[in-house]
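Just so it is clear, none of the values below were taken in a lab; they were calculated from the coordinates. All figures in this text were calculated on a predicted structure; none of them were measured in a lab. Here Cβ is always computed from backbone atoms with ideal geometry, including for glycine, and neighbour counts include all displayed protein chains.
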Amino acid sequence: MTLLLAGDIGGTKTILRLVDATEKSSPQTVHENAYHSGDFVDLVPMVKQFLADANSDHPQKACFGIAGPVVGDTAKLTNLAWYLDCDRLQEELNIPHVALINDFAAVGYGILGLESKDLFTLQDGKPCDDAPIAIIGAGTGLGQGFLIKQAQEYYVYPSEGGHADFAPRTELEFQLLKYLLDKHDIQRVSVERVVSGLGLVSIYQFLRDRKIATESPDIAQVVRAWEQQAGQEKSVDPGAAIGNAALNKTDNLSEQAMQLFVEAYGAEAGNLALKLLPYGGLYIAGGIAPKILPLIENGDFMLHFTQKGRMRSILEDIPVKIILNQQVGLIGAAIRAARL
């Protein structure tokens, strides 16, 4: 039996999965559990508890997707006081091979293990098996990355494309850019400040403060509570409230904010596609897209994805899919572990 340990490690929650990869074509989950990350001083005691609960043979390989930067074989979590080192993990967990990868890199590997039911197709395009694959995902931030095929095997590469400049295209977006520059007293605005969960809230604040639409009492209460908690642990999620109101068409301001968000998201996905020409597919990851699927599939996202002048016909040939399976990072960590 070939056992792999896969982990999706976040500042709030960690999910661990033990996988039997004896049959490479159909790996099976042996045991899985989720833990509150803050309940543990380190990953090691969490994994030891998980393996004891699994009551199974010991894994030979492990890979953990980390919500934070990975430098060499070490990682420090962004929102958790854990410092992880592959050599230490191998020794203390008695696992011969351990790898740490960024959580968005884990999503990249996970694409290779997805099934058709895990995806929603926005554009069929004209897929090419040997072409690059692109990933973009709005969530807490804006992740971007890509996969390149080498000797019949895809390799995943990270990117910091979410920190590239936000490129306004309309008068309203130019006003949004100026609003963000002034509000934060900064010299430039990254696209992540617009296309992300916090970006959606910023768009809402911009439309509200410019009095472009009337604010409803219910959403106003959530947003005000969030604004008053600046620098504190947040107890409300204004992005979710705005998204739900837009989906249910119960608040005009939220609908307009989401419209601007979807347009900017589609435009940035198109920018990434122009740079990589990912005829292997452009995959939309992150937690936001599946939650607002009706607002993305109505055509506005793809309209702004392809709205690139003379390059329109090129972008119309690129397959575009939304990842529905929110455990894609775990799948990717297992695939990376198998390669160790």
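Assorted remarks:
- Per-residue packing, averaged as other Cβ atoms within 10 Å, sorts the ranges 120-129, 209-218, 264-273 into the order 264-273, 120-129, 209-218, beginning with the highest.
- When GLU160, GLU171 are arranged by Cβ crowding within 10 Å, least crowded first, meaning fewest neighbours, the order is GLU171, GLU160.
- Using alpha-carbon coordinates, inclination of helix 217-228 to the longest axis of the chain, degrees: 60
- Separation of alpha-carbon centers, segment 1-59 and segment 264-310, rounded to whole Å: 33
- Neighbour-count order for TYR157, TYR35, fewest beta carbons within 10 angstrom listed first: TYR157, TYR35
- Cα long-axis angle, helix 252-276 against the chain (0 to 90 degrees, to the nearest 10): 60
- Residues GLU173, GLU227 arranged by fewest to most Cβ contacts within 10 Å: GLU227, GLU173
- Among beta bridges that DSSP assigns inside the chain, antiparallel share in %, nearest 5: 65
- Checking the cross-link pairs LYS149/LYS321; LYS149/LYS291; LYS183/LYS275; LYS178/LYS211 against a 22 Å limit on the alpha carbon distance flags LYS149/LYS291; LYS183/LYS275 as lying beyond it.
- Estimated purely from DSSP H runs of n ≥ 4, each contributing -39500 (n - 2.57), the mean residue ellipticity at 222 nm for the chain is -12000 deg cm²/dmol once divided by its residues.
- The angle separating the long axis of helix 238-248 from the principal Cα axis of greatest extent in the chain is about 70 degrees.
- Based on the convex hull around the alpha carbon atoms, segment 161-323 presents an average projected area of 9.8 nm².
- Ordering SER37, LEU198, ILE95 by the projection of their Cα atoms onto the charge dipole of the chain, which places +1 on the Cβ of Lys and Arg and -1 on the Cβ of Asp and Glu, puts LEU198 at the extreme positive end.
- Relative contact order, percent, the chain [alpha-carbon distance under 8 Å, six or more residues apart]: 23
- Taking only alpha carbon atoms, the chain gives an Rg to Rh ratio of 0.99, where Rh is the Kirkwood radius.
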